[in-house]
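Presented below is the structure to which this report refers.
The values are calculated or read from the model by the stated rules, or taken from the named source; none is laboratory data. Predicted model only: the values in this text are computed from it and were never measured. When we count neighbours, we look across all protein chains shown, and the Cβ atoms used for this are built from the backbone with ideal geometry, even at glycine. The accessibility values were calculated without ligands, DNA or RNA, using every heavy atom of the protein model including side chains. Shrake-Rupley method; radii C 1.70, N 1.55, O 1.52, S 1.80 Å.
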Amino acid sequence: MWLVLAFTSAMLLGVYDVFKKISLKDNAVIPVLLLNTFFCSCIFLPLVILSAQGFIPEDHLLFIPRIEDPTIHLYIILKSAIVLASWICAYYGLKHLPITIASPINATRPILALLGAIFVFDEQLNGWQWAGVIVSLFAFTMISYSGKKEGISVKNSIWIWLVMAGTMIGAVSGLYDKFLVGDPNNGHGLFGLIPNRGFPKMVIQSWYNFYQVIMMGIVCLICWAPKRHRIKHPFHWRWQIPLISVFLSVADFCYFYALSQPDALISIISLVRRSGVIVGFLAGWLFFKEQNIKSKSIDLLFVVIAMFLLWMGTN
């Protein structure tokens, strides 16, 4: 069940990346990101209110329980800060790079998540899963090398480094998610010492969006508003901006639901989530008319093979 949810999240994330790329083209990054967090909050605020008023029963998937322990908010605030740092880096990088280059770099996130899952959570993989991981890493490496044909220097491009930074911070966020929603009685926790928190997934997903709006509002007032008339690309409204929030929220719902399953492996979930790169490549070919799509299609074949191996290993 958790693997199906991970694949669903991956495809939704692929569409999310496409709308994000469209929204950021010749547009101001910070207000687009602020609106993204705002619309995500608008999606979950009614659920919080309806749950508090008893209109959504406690056994419903969309029920959001009240937070009785104030320390939970501290965990969620840290989650919000980590995700926001990753997004700021990734948004700036994606704005200035082809999606067929930015997506493969972001697809290397499972390598970091895998290392973290093994050393931090002491997860164990079977033979099929290891085969899928190896083929996936090979595929993502091929995709990264294919991106060099675009003539963008890794050493001299700050946008490449920003995407890489966003990828690394995103891997940390994935490990932290497992710690927050993982079953305290199932798994080793952080380094086998600190048990998983077992917080309700809907609490994390809803409240971290609320805190992100506040954080991004402060960033917008300090970093963008004072010089908004002097920057190269002013803000322009596009109808794709709210769709970023819709697809991200549904993708994250599937993701957190998958993580909350007792037998879920963060290393596999993180890897499968990156398969959404296929959607980005199709968009790069059909809509953005980017280069070298034919050679990159071979790389994507290895991604599909890897996902099949992971499916075999999990079932």
Task: Residue ranges of helices (runs of 4 or more DSSP H) in the range 9-121 with at least 2 members within 22 Å of residue 201 (Cβ to Cβ) and open to solvent by less than 30 Å² (accessible area, probe 1.4 Å) - done: 29-52, 71-96, 109-120
Task: Hits in the range 212-264 - residues which are over 30 Å from residue 126 (Cα atoms), in contact with a Ser or Thr (Cβ under 8 Å, 6 or more places away or on another chain) and of a type in the set (D, E, K, R) - done: 238
Task: Condition broken by residue 225, with the remaining ones in (1) over 20 Å from the mean Cα position of the chain (by Cα); (2) touching a residue at least 12 places away in the same chain (Cβ under 8 Å); (3) open to solvent by less than 40 Å² (accessible area, probe 1.4 Å) satisfied - done: (2)
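Kindly indicate the residue of the range 244-277 that is in a helix (DSSP H, G or I) and surrounded by fewer than 19 Cβ atoms within 10 Å (Cβ to Cβ) and also farthest from the chain's Cα centre (by Cα) among those meeting that condition. Don't jump to the end; show me each part of the working.
Of the residues in the range 244-277, the ones in a helix (DSSP H, G or I) are 244-259, 266-277.
Next cut, surrounded by fewer than 19 Cβ atoms within 10 Å (Cβ to Cβ) only: 246, 250.
Working: 246: 14, 250: 12 Å.
The selected residue is 246.
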Open item on the list: Please go through (1) at pLDDT 75 or above; (2) closer than 27 Å to residue 106 by Cα; (3) touching a Phe, Trp or Tyr at 6+ places or on another chain (Cβ under 8 Å) for residue 197 and return the number of the only condition it doesn't satisfy.
Closed with: (2)
Open item on the list: Which of the numbered conditions does residue 88 fail, given that it passes all the others? Conditions: (1) under 24 Å from residue 158 (Cβ atoms); (2) more than 14 Å from the chain's Cα centre (by Cα).
Closed with: (2)
Open item on the list: within 26 Å of residue 87 (Cβ to Cβ) and at pLDDT 80 or above: is that true of residue 169 in this structure?
Closed with: yes
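Test of understanding: among 101, 82, which residue is modelled with pLDDT of 80 or more and β-branched (Val, Ile, Thr)?
It is 82.
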